[in-house]
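J.: Take a look at the following structure, please.
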């Protein structure tokens, strides 16, 4: 039990860090010219969590995306942004939801900033990823698998 919090539920971010970052600008300098139409942008989001021991967990937020298609790809990126979280006094039946919804929600603003800087440093206008509804994403994944939540490893 946590001392000093009176047995209240506690979610604490102990560390956040970039595990892997890739930015590709495969058609530069041609891709840096003004475009007639905005590029089609596709993004995939994945969240994984694994126990580290005791009441600590590592949560990974993986964001992958491309701007453009085929020969017209302007840029692509992959970011694996992770955090170590401590959970105390959270009922076991809610742990998975906290790990897969609340932890990535806390990490998202930092991951978004890293991607915005990478795209800008790649020579493109600022790219601001829209906020992600991690609760909706979680529900969709649980419906897909048709299973109660289990942590990925």
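What follows is calculated from the coordinates using simple rules that are stated; it is not laboratory data. Model, not experiment: these values are computed from the prediction. Please note: Cβ atoms are built from the backbone with ideal geometry, for glycine as well, and neighbour counts cover all protein chains shown.
J.: Report the relative contact order of the chain, percent, no decimals, based on alpha-carbon pairs under 8 angstrom and at least 6 residues apart.
T.: 26 percent
J.: Choose one answer from 86, 112, 33: the residue with the largest mean-square fluctuation in a GNM of the chain with alpha-carbon springs under 10 Å.
T.: Comparing 86, 112, 33 in the GNM, the peak value goes to 33.
J.: Compute the angle between helix 134-145 and the longest alpha-carbon principal axis of the chain, please, reported from 0 to 90 degrees and rounded to the nearest 10.
T.: For 134-145 against the chain, the angle is about 80 degrees.
J.: From a point 7 Å beyond the Cα of residue 89 in the direction of its Cβ, which residues of region 6-23 have a backbone N at a distance under 14 Å?
T.: From region 6-23, the list is 6-12.
J.: For Rg/Rh (Cα atoms, Kirkwood Rh), the choices are [x] 1.06; [y] 0.95; [z] 0.92; which was calculated from the structure?
T.: Recomputing Rg/Rh (Cα atoms, Kirkwood Rh) here picks out [x].
J.: Taking the chain as a Gaussian network, Cα atoms linked when under 10 Å apart, which of 37, 143, 66 shows the biggest mean-square fluctuation?
T.: Between 37, 143, 66, it is 37 that shows the largest mean-square fluctuation.
J.: Let me ask something else. Normalised by the residues of region 38-127, what does the relative contact order come to in percent, with Cα pairs under 8 Å and at least six apart?
T.: Details: 130 pairs, mean separation 21.3, N = 90.
Relative contact order, region 38-127: 24 percent.
J.: Using 0.36 nm times the number of residues separating residue 121 and residue 8, minus their current alpha carbon distance, what extension gain do you get? Don't skip to the end; give the middle numbers.
T.: Numbers: separation 113, 0.36 × 113 = 40.68 nm, distance 4.33 nm.
Length gained, residue 121 through residue 8: 36.3 nm.
J.: Based on other C-beta atoms within 10 Å, arrange 30, 105 from fewest to most.
T.: Numbers: 30 9, 105 15.
Exposure proxy ranking, most exposed first: 30, 105.
J.: Go ahead and set up a Gaussian network model of the chain, Cα springs under 10 Å, then flag whichever of 65, 53, 123 fluctuates most.
T.: 53
J.: Once the Cα atoms of helix 103-121 and of the chain are each reduced to a long axis, what angle between those two axes, in degrees from 0 to 90 to the nearest 10, is obtained?
T.: Taking the Cα atoms of the chain, the angle to 103-121 is about 20 degrees.
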